[in-house]
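Visitor: Quick one: the structure is below, and I'll ask about it shortly.
The values are calculated or read from the model by the stated rules, or taken from the named source; none is laboratory data. Everything quoted here is computed from the prediction, not taken from an experiment. Cβ sites come from the backbone with ideal geometry, for glycine too, and all protein chains shown count toward neighbours.
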Amino acid sequence: MGQYILKRLGLALLTLVLLSLIIFFAGSVLPSNPGRLILGPFASQQAVVALNHHLGVDRPLITQYWSWVTGILHGNLGTSSQYNLPVSSLLWPALGRSLKLALLAFVIVVPISILGGVLAALYRGRFVDRSISVTGLSLTSVPEFVSGVVLIVIFAIGLKWFPVSATPPPGTSPLGQLHYLILPAIPLVFVLFGYIARMARAGTLEALDSDYVRTAVLKGLPRRVVIWRHVLRNSLLPTITVIATQCGYLIGGLVIVETLFNYPGLGRLIVTAANNKDFKMLEAGVLVIGIVYLAATLIADILYTVLNPRIRYEQAE
Amino acid sequence: MSDEERGDAPIAPSATKDPPEDAPALHDPAALALLTATAGDATGTVDSSAGTIRRENLRLLLRSPAFLIGAAILLWWIVCALFGKAIAPYNPVTGSLTAFNEAPSGAHWFGTDSLGRDVLSRVIVGARDILIIAPLATLLGTALGTTIGLLQGYFRGRVDSFSGRIVDAVLALPIVIVAFLFVVPLGSSDTILIIIIGLVFGLLISRTVRTAVLQEQDLDYVAAARLRDESNAHIMFVEILPNVTGPILVEFTVRLGYAIFTIASLSFLGFGIQPPTPDWGADISNSYQYLAAGYWWETLFPALAIASLVVAINLIADSIEAVVIQ
């Protein structure tokens, strides 16, 4: 068990190193002349050379990568070229705001999608099942900004229930902030719903077909008891790990939602950085998304091992 | 299992699930045919049995309402992509100089945008670029993913574990973010979009193909081919590949929906299809700031167009998946 977790941790670290190399390649190797990209075609060559020197991109690539990585380990994510401020001073507050939005989406989607998946499984092949599955599939496949636009048109412009922008005026109470965040959270809920519901449905179907459920039914237990005690307990195990890995996805979906709703989170920070060729900010933002994802999947894997006795014994063998 | 299913969060075909290790070999009709046939006329037997299966699958598909609805919508957008300029009531690129931000009316069914361009015409012609880029990117990804997956599954060992790590690393990021990361320094053009999305999809698809190949590996027909002293390339592409086309087809259709999702999202962020080419995502990106002013039609209709296209492709993908798994 401990050995498995250690091995899993080592793999995650290795993946992280590879990820940092890929991000560095995209953000520091591909842009051959960041100074020119930032200043545009009409800037003097001198100014471009000076900016490149200031950014440190005229150093050998290995030096650049090494100083980037060691900087990160010391909590220094580099300097944002657009704001001339340390990246970390902008990144962490933005990440905090993003997590707030992601958490809200999560709190909404988890109970709804599990309920949907279990219901679909209990009514397998019938109208309830088919409508939940098709709705889930459709909602999952529509990009967040598309459903976001439809939601804005209906609920913010038509019915005027919610504001168009997600940024509350300063000094808004937490409950008031919630009012601003609900509409942006829903497109994220849509995309996740179909996926989690599908897993919950598959897990429940598997449990329903199992011998222990047949035994429980045959020995005369009431349907309610069978479902709560025997089916759900076993069917939700795979779903839990799927939910945990979705954390990483959520952070990615925020890029779109935050842009559409003008919300100052990590996603919008990345898009702004991209528009201004602020490569250090872009690299740091994407790396943070990757780290959140890797951490979430690591936790999911460990959770799965801890919760599932079968895997635990197999590992022990 | 979770290892196989992460990567692209929203749509994960259940075909990517790890099948049980002890999947009975004889359930594969092609393998059965091969076993009963002599080595010489083996190929003929396989073809006829595969042909029957294909015809049966097609019949099942044509009876599925989800497939028919999806196919009808997709067909409509393909017609728009091919003949858009002829169908569109107005020129989609040059606007009227007098009609800005006009609400839907008899003259302009979907209204006009902030430059006085007819929204209906832009929606119709906007089908073209995305329906060229997305299938090409998906095709590239499928070809690449099939090759990588075959190599990984066939050679296993070091090749497999090293390339597996790289796949893991790339898949730690949502596809939109990976594409974004590379499009920003390289600049956006149709070719670059196709290559980047194709590369990322190649990695994703390689996982499914690898899993399928690993199962085929242990079947008798592979052992038979080895005994006949066939080359590795022959075994991979002539023997194994025809037996894993089912999962590959499912991957292709599912990824196609996802390619449209990704390209539309990139266009929305300003890094996909570039203006003034009519494109749904880019049009939304240009017009959503006017939503608060109440000009909802400029944004809503392109949004509905994207939604209908991705839903259609996912309905098709889901039906194909159901048939292939049966």
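Visitor: Can you tell me which residue is nearest to residue B:312 (Cα to Cα) among those in region B:73-110 that are touching a Pro at 6+ places or on another chain (Cβ under 6 Å) and buried (at least 17 other Cβ atoms within 10 Å of the Cβ)?
Guide: B:110
Visitor: Something else: Look through region A:100-159, keep the residues that are in contact (Cβ under 8 Å) with a residue 60 or more places away in the chain and surrounded by fewer than 16 Cβ atoms within 10 Å (Cβ to Cβ), and return whichever of them is nearest to the other protein chains (Cβ to nearest Cβ).
Guide: Here the answer is A:124.
Visitor: Which residue out of B:191, B:94, B:112 is away from chain A (no Cβ under 14 Å) and touching a Phe, Trp or Tyr at 6+ places or on another chain (Cβ under 9 Å)?
Guide: Every option except B:112 fails the conditions.
Visitor: Tell me, which helices (runs of 4 or more DSSP H) wholly within region A:85-182 include 1 or more residues that are of a type in the set (Asp, Glu)?
Guide: By residue number, A:127-141, A:144-151.
Visitor: Another question about this same structure. Could you count how many residues in region A:83-99 are among the polar types (S, T, N, Q) and surrounded by 15 or more Cβ atoms within 10 Å (Cβ to Cβ)?
Guide: 2
Visitor: Using the structure shown, decide if residue B:299 is part of a helix (DSSP H, G or I) and either crowded, with 24+ Cβ neighbours inside 10 Å or within 13 Å of chain A (Cβ to nearest Cβ) (or both). Spell out the reasoning first.
Guide: On the way: part of a helix (DSSP H, G or I): yes; either crowded, with 24+ Cβ neighbours inside 10 Å or within 13 Å of chain A (Cβ to nearest Cβ) (or both): yes.
Considered against the rule, which asks whether it is part of a helix (DSSP H, G or I) and either crowded, with 24+ Cβ neighbours inside 10 Å or within 13 Å of chain A (Cβ to nearest Cβ) (or both), residue B:299 comes out as yes.
Visitor: Looking at (1) surrounded by 23 or more Cβ atoms within 10 Å (Cβ to Cβ); (2) of a type in the set (S, T, N, Q); (3) within 14 Å of chain B (Cβ to nearest Cβ), can you tell me which one residue A:80 breaks?
Guide: Every condition holds for residue A:80 apart from (3).
Visitor: May I pose another question? Hey, does region A:59-74 have a residue that's loosely packed, with under 14 Cβ neighbours inside 10 Å, free of Cβ contacts under 8 Å to residues at least 12 places away in the same chain and within 14 Å of chain B (Cβ to nearest Cβ)?
Guide: No: region A:59-74 contains no residue that is loosely packed, with under 14 Cβ neighbours inside 10 Å, free of Cβ contacts under 8 Å to residues at least 12 places away in the same chain and within 14 Å of chain B (Cβ to nearest Cβ).
Visitor: Give all pairs with beta carbons closer than 7 Å in which a residue from region B:61-82 that is outside any helix (DSSP H, G or I) meets a residue that is buried (at least 18 other Cβ atoms within 10 Å of the Cβ) and modelled with pLDDT under 95; count only pairs at least 6 apart in sequence or on separate chains.
Guide: Sorted first by the residue in region B:61-82, then by its partner, the pairs are B:64/B:319.
Visitor: Report yes if some residue within region B:183-192 is touching a residue at least 12 places away in the same chain (Cβ under 8 Å) and within 30 Å of residue A:298 (Cα to Cα); otherwise report no.
Guide: Yes, because at least one residue in region B:183-192 is touching a residue at least 12 places away in the same chain (Cβ under 8 Å) and within 30 Å of residue A:298 (Cα to Cα).
Visitor: Let me ask you something else. With the checklist (1) under 28 Å from residue B:167 (Cβ atoms); (2) touching a residue at least 60 places away in the same chain (Cβ under 8 Å); (3) part of a helix (DSSP H, G or I); (4) not small (Gly, Ala, Ser) in hand, flag the one item residue B:234 doesn't pass.
Guide: (2)
Visitor: Looking at (1) of a type in the set (Val, Ile, Thr); (2) in contact (Cβ under 8 Å) with a residue 40 or more places away in the chain; (3) more than 14 Å from every other protein chain (Cβ to nearest Cβ), which one does residue A:38 not meet, given that it meets all the others?
Guide: The failed condition is (3).
Visitor: Here is a follow-up. Condition check: over 14 Å from the mean Cα position of the chain (by Cα), over 21 Å from residue B:115 (Cβ atoms) and more than 10 Å from chain A (Cβ to nearest Cβ). Does residue B:233 satisfy that?
Guide: yes
Visitor: Among the residues of region B:272-295, which ones are facing another protein chain (nearest Cβ under 7 Å), on the phi < 0 side of the Ramachandran plot and either among the hydrophobic types (A, V, I, L, M, F, W, C) or in a loop (DSSP other than H, G, I, E, B) (or both)?
Guide: Across region B:272-295, the qualifying residues are B:284, B:291, B:292.
Visitor: For region B:261-271, give me the residue count where each residue is more than 8 Å from chain A (Cβ to nearest Cβ) and either over 20 Å from residue B:135 (Cα atoms) or of a type in the set (Val, Ile, Thr) (or both). Give the steps one after another, and end with the answer.
Guide: First pass over region B:261-271, keeping only residues more than 8 Å from chain A (Cβ to nearest Cβ): B:262-263, B:266-267.
Imposing the further condition that a residue be either over 20 Å from residue B:135 (Cα atoms) or of a type in the set (Val, Ile, Thr) (or both) reduces the set to B:262-263.
Total satisfying the criteria: 2.
Visitor: Output the residues belonging to region A:250-302 that are among the β-branched types (Val, Ile, Thr), within 20 Å of residue B:286 (Cα to Cα), more than 9 Å from chain B (Cβ to nearest Cβ) and in contact with a helix residue (DSSP H, G or I) (Cβ under 7 Å, 6 or more places away or on another chain).
Guide: A:257
Visitor: When region A:160-216 is examined, which residues are found to be of a type in the set (Val, Ile, Thr) and surrounded by 14 or more Cβ atoms within 10 Å (Cβ to Cβ)?
Guide: Within region A:160-216, A:164, A:167, A:182, A:186, A:189, A:191, A:196, A:204, A:213 qualify.
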